[in-house]
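Trainee: My questions all concern the structure below.
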Amino acid sequence: MKLQQLRYLIAIVRSHLNISAAAETLYTSQPGISKQLRLLEEELGVELFGRNGKHLTEVTPVGRQIIAKAEGILREVNNIQILAEEYRDDRRGNLSIATTHTQARYALPSVIKAFRERYPAVTLQVHQGSPVQIAELIQSGGVDFAIATEAVELFEDLIMMPCYIWERCVLVPVGHPLIALGCLSLSDVAQYPLVTYVFGFTGRSQLDEAFRSAQLRPNVVFTATDADIIKTYVRLGMGVGIVARMAYDPRYDQDLVRLDAGHLFAANLTRIGFRRGTFLRCYMYDFIQLFAPHLTRERVQRVEQAQSVEEVDALFADLNLPVL
């Protein structure tokens, strides 16, 4: 059994059993992967996949168990490589993060600036995507950290730690009738066309639940994954915007008015997470603390030892998280 065979095996699974697609991701040939898969099955004496002719159709029960073991082996191989890098040069390396546009645009810039000043030799990459895409990237090993708010169930296999709470605001053009009302109600907002996030992004589910609980049917006329796009269409008069409060920048959004909506919608909790069993380098601990100052290296290391989500939550039960 060879490590390369295990890498091929995992690539096939992540490519939805498409060997040609797996070959493209690994920059190798489809016949080469097929041959190594056949040799691996012959050595193990079991079929890892069900087949229909030359096509793989499903993962067999024993295949699922072997794949889980293979993922663990490759994760530990990667940890060995990272550990060696840490001892060679603890200020040089790579760090990749997957998050949404709102986090990348409004929550991360100051953190990344401070991190780059501290670790100029660390190559930093930020990948933007939906919660599903973020989960796939972190679970496949494509990134080191996930920063997410929505769809926590997608990250159940990760260590997810609370960073901060954020609330929504309503954005309207200068002179809009809602400005004169003072404290808004859901019925006030529901009278106007709405421009907000796509479902599954940045707390959108809580927004829909708030209207549903109030037995109101909001007229959502436009959705986007990007808060800046939402603001553009509010400026065009398409509707009232509902975005994360942090997405309003008084320097550049002077033609818009931000109205408090924290009392209308449930607050949201942003978390940062990584795969269980990952070896974190010194600069990774530092990045986490720059993003969430209460997540000190000592606290994160205690979280790494926790055996359940309940144990993780207990470590943060006494914290008053910042509200953005």
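The values are calculated or read from the model by the stated rules, or taken from the named source; none is laboratory data. The model shown is predicted, which means the values in this text are computed figures rather than measured ones. Counting neighbours? That spans all protein chains shown, and the Cβs are built from the backbone with ideal geometry, glycine included. Remember, those area values only see protein heavy atoms, side chains included, never the ligands or the DNA or RNA. Shrake-Rupley method; radii C 1.70, N 1.55, O 1.52, S 1.80 Å.
Trainee: For the list (1) within 31 Å of the chain's Cα centre (by Cα); (2) open to solvent by less than 30 Å² (accessible area, probe 1.4 Å), I need the number of the one condition that Leu184 fails.
Mentor: (1)
Trainee: Same structure again: Which one of these is part of a strand (DSSP E or B) and touching a strand residue (DSSP E or B) at 6+ places or on another chain (Cβ under 6 Å): Pro218, Pro162?
Mentor: Within the list Pro218, Pro162, the selection yields Pro162.
Trainee: Restricting attention to region 231-248, which residues are in contact (Cβ under 8 Å) with a residue 40 or more places away in the chain and under 24 Å from Leu108 (Cβ atoms)?
Mentor: The answer is Lys231, Val234, Gly241, Ile242, Val243, Ala244, Arg245, Met246, Ala247, Tyr248.
Trainee: Something else now. Considering only region 35-67, how many residues are buried (at least 18 other Cβ atoms within 10 Å of the Cβ), of a type outside the set (A, V, I, L, M) and in contact with a helix residue (DSSP H, G or I) (Cβ under 7 Å, 6 or more places away or on another chain)?
Mentor: Counting residues in region 35-67 that are buried (at least 18 other Cβ atoms within 10 Å of the Cβ), of a type outside the set (A, V, I, L, M) and in contact with a helix residue (DSSP H, G or I) (Cβ under 7 Å, 6 or more places away or on another chain) gives 2.
Trainee: Would you tally the residues in region 22-46 being part of a helix (DSSP H, G or I) and closer than 17 Å to Gly141 by Cβ?
Mentor: 3
Conditions (1) closer than 30 Å to Ile73 by Cα; (2) open to solvent by 50 Å² or more (accessible area, probe 1.4 Å); (3) of a type in the set (D, E, K, R), marked per residue:
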{"position": "Ile147", "(1), (2), (3)": "yes, no, no"}
{"position": "Cys163", "(1), (2), (3)": "no, no, no"}
{"position": "Glu167", "(1), (2), (3)": "no, no, yes"}
{"position": "Leu178", "(1), (2), (3)": "no, no, no"}
{"position": "Leu207", "(1), (2), (3)": "no, no, no"}
{"position": "Ala214", "(1), (2), (3)": "no, no, no"}
{"position": "Ile230", "(1), (2), (3)": "no, no, no"}
{"position": "Val234", "(1), (2), (3)": "no, no, no"}
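Trainee: Among the numbered conditions (1) more than 29 Å from Asp208 (Cβ to Cβ); (2) touching a strand residue (DSSP E or B) at 6+ places or on another chain (Cβ under 8 Å); (3) open to solvent by less than 30 Å² (accessible area, probe 1.4 Å); (4) not acidic (Asp, Glu), tell me where Ala70 comes up short.
Mentor: Going through (1) more than 29 Å from Asp208 (Cβ to Cβ); (2) touching a strand residue (DSSP E or B) at 6+ places or on another chain (Cβ under 8 Å); (3) open to solvent by less than 30 Å² (accessible area, probe 1.4 Å); (4) not acidic (Asp, Glu) one by one, Ala70 breaks only (2).
Trainee: Take region 197-215 and flag every residue that is outside any loop (DSSP other than H, G, I, E, B), touching a residue at least 12 places away in the same chain (Cβ under 8 Å) and over 22 Å from Thr100 (Cα atoms).
Mentor: Passing the criteria: Ala210, Phe211.
Trainee: Answer yes if at least one residue in region 305-324 is outside any loop (DSSP other than H, G, I, E, B), among the charged types (D, E, K, R), open to solvent by 40 Å² or more (accessible area, probe 1.4 Å) and under 19 Å from Leu83 (Cα atoms), and no otherwise.
Mentor: No, the conditions are met nowhere in region 305-324.
Trainee: Does region 73-96 hold any residues that are open to solvent by 100 Å² or more (accessible area, probe 1.4 Å) and of a type in the set (A, V, I, L, M), and which are they?
Mentor: Ile80 - this is the single residue of region 73-96 that is open to solvent by 100 Å² or more (accessible area, probe 1.4 Å) and of a type in the set (A, V, I, L, M).
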